[in-house]
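What follows is one structure encoded as structure tokens, with my remarks underneath.
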Amino acid sequence: HDFFMTRYTEAYANEIASFIAAIEKDAKISPSGADGLAALVLADAAVQSVKEGKLIKIG
């Protein structure tokens, strides 16, 4: 298993199957786009904090 894709083939297949099933059933998907955006806001604040050497408040 030299590459992560070969290590997690079954997990990726299950993830894709769950995504397709959610779309077919018009169900909510988790994590959501809002979850992804929240993670991005945190990551951007962390980078800014390192660059500026200070606490960055997230609102």
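Read-outs throughout are calculated quantities, based only on the coordinates presented, and are distinct from any laboratory measurement. Please read all numbers here as calculations on a predicted model, not as lab measurements.
Computed from Cα positions, the angle between helix 9-25 and the longest principal axis of the chain comes to roughly 80 degrees. Helical runs assigned H by DSSP (4 residues or longer) give the chain a calculated mean residue ellipticity at 222 nm of -22500 deg cm²/dmol, each run adding -39500 (n - 2.57) before division by the residue total. The convex hull built on the alpha-carbon positions of the chain has an orientation-averaged projected area of 6.4 nm².
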